[in-house]
Amino acid sequence: MGTVFSFDVRGGEPRAVLQALAEAVAGLHRVDALFSTYREDSEVSQLARGELTVAQCAPEVAEVLELAAEAERVSDGWFSTRYRGSLDPTGIVKGWSAERAARLLAAVDGVCGVSVNGGGDVQLLGAPEPQRPWRVGVSDPLRPGGLAAVISAAGVDELSVATSGTAERGDHIVDPRTGRSAVTDLVAVTVVGPRLTWVDCWATAAFAMGSRAGLAWLESLPDVEALLITAGDEVRCTGGLAARLG
Amino acid sequence: MHALKKNRPLRRIVLASAATVSGMVLLLSLKPHTSPTLATASTKSPTTSSSSSPTAGSSSGTKSITGDTVQTRWGPVQVRVTIKSGTLTDVTAVSYPQDNPRDQEINSYALPQLRREALAAQSAQIDTVSGATYTSDGYRQSLQSALDSAGL
């Protein structure tokens, strides 16, 4: 996937944690081999060329395509698994695989807290210490090195934070309706919710929608809060975000 | 949009070098800091700059931890962090690409910037960072992992 995953695991017996970590990393490599659109021989590439059917692919492929279809429905088509006409579930794979890795690690006996950061999208489970919640800095897209906000996982056992924006790879988000770079007044959308699989998709969809429609739509989703930053350096939040700021 | 466009050339320079540093994450991040052997396991040449030994869990004294040299598309990069009484006090690049004037120009801006980011992130007492800037985030994550490994 050309990205970096970072793991922070608290508690648990070191050997068991290391073993689970090795499994989680192997799982990520497997996901890359199955889903990479940059690899000619990945199952998704073969699927896109019609050389395989979904039934012939690994079970993860069907699982991800089903989740992606759900994301497409909920976002009214703003999240899409088609990139310029061909199959490309890349938009959901990173969040889904990071969440899966986090849950695998959290299942280890004695583990009390897990943080998995997949290229800037974070899944948090539990807490790093009994009296301290996980805290996630949201990088400020207009002030490199600065933080736009700090999100705290206080009071919840699961929290994820995903950011979509132009700061990383320029105008890489495509408007599924036009097939061109999304025309948006936003430079970044950060979405907060229990599961990274979904918030990652919602961040991408809201970014393409623009600040007005994106904020209204995010506000309508249950258990989801968001922070939107416009090119004019305006910050807009959903009503409940304040409770998550730490 | 104007602000963004103006920023972009500068940012690209930062990213170009940030990406070189983020490669080390792979080496550093795959270690949970729960294991007592990790400070040494995750770094090839941990060196102490005082009497304190670089074991996980120790939060007193000064120690420097040098990451592995990572081959990036721009050349080899190696980063060292210094921790004093459990607090990150410095981040320096031990080796980085400087073969041509362009490298030097990039490094003159990007390395101090990365250092500032790392220190700023620490002052906010955060565990990790979410953002679209994956290369630079990658760096911060690698640093976070290095610090976790060091027992912060």
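The values are calculated or read from the model by the stated rules, or taken from the named source; none is laboratory data. What you see is a predicted model, and the numbers here were worked out from it, not measured in a lab. When we count neighbours, we look across all protein chains shown, and the Cβ atoms used for this are built from the backbone with ideal geometry, even at glycine. Heads up: the accessible areas ignore ligands, DNA and RNA and are worked out on the full protein's heavy atoms, side chains in. Shrake-Rupley method; radii C 1.70, N 1.55, O 1.52, S 1.80 Å.
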Quiz item: Using a probe radius of 1.4 Å on protein heavy atoms only, what is the accessible area buried between chains B and A, both sides summed, to the nearest 100 Å²?
Solution: 3400
Quiz item: Are there trypsin sites (Lys or Arg not before Pro) in segment A:181-246 that DSSP puts in a loop and that have at most 14 other Cβ atoms within 10 Å, and which ones?
Solution: none
Quiz prompt | Difference of contour (0.36 nm per residue) and Cα-Cα distance, A:GLN56 to A:ALA243 | solution = 62.7 nm
Quiz prompt | Apportionment of accessible area to carbon and sulfur, segment A:55-120, percent (1.4 Å) | solution = 52
Self-check item: For a label point 7 Å along the Cα-to-beta-carbon line of A:GLU40, residues of segment A:78-99 with backbone N under 18 Å
Solution: none
Exercise. Please state the charge dipole magnitude for chain A, taken about the Cα centre, from unit charges on C-beta atoms (+1 on K and R, -1 on D and E), reported in debye and rounded to the nearest 20.
Key: 300
Practice problem: Report the Stokes-Einstein translational diffusion coefficient (µm² s⁻¹, integer) for segment A:5-244, Rh taken as the Kirkwood radius over Cα pairs, at 25 °C with viscosity 0.890 mPa s. | Solution: 133
Practice problem: Go from 0 up to the bin containing the longest alpha carbon distance in segment A:155-246, width 5 Å each, and give me the % of pairs per bin. | Solution: 3, 15, 27, 25, 18, 8, 3, 1, 0
Quiz prompt | Mean separation of Cα contacts under 8 Å, 6 or more apart, over the residue count of chain A: relative contact order % | solution = 17
Self-check item: In segment A:29-123, the GluC sites (Glu not before Pro) that fall in loop regions by DSSP, at most 15 other Cβ within 10 Å
Solution: A:GLU40, A:GLU51
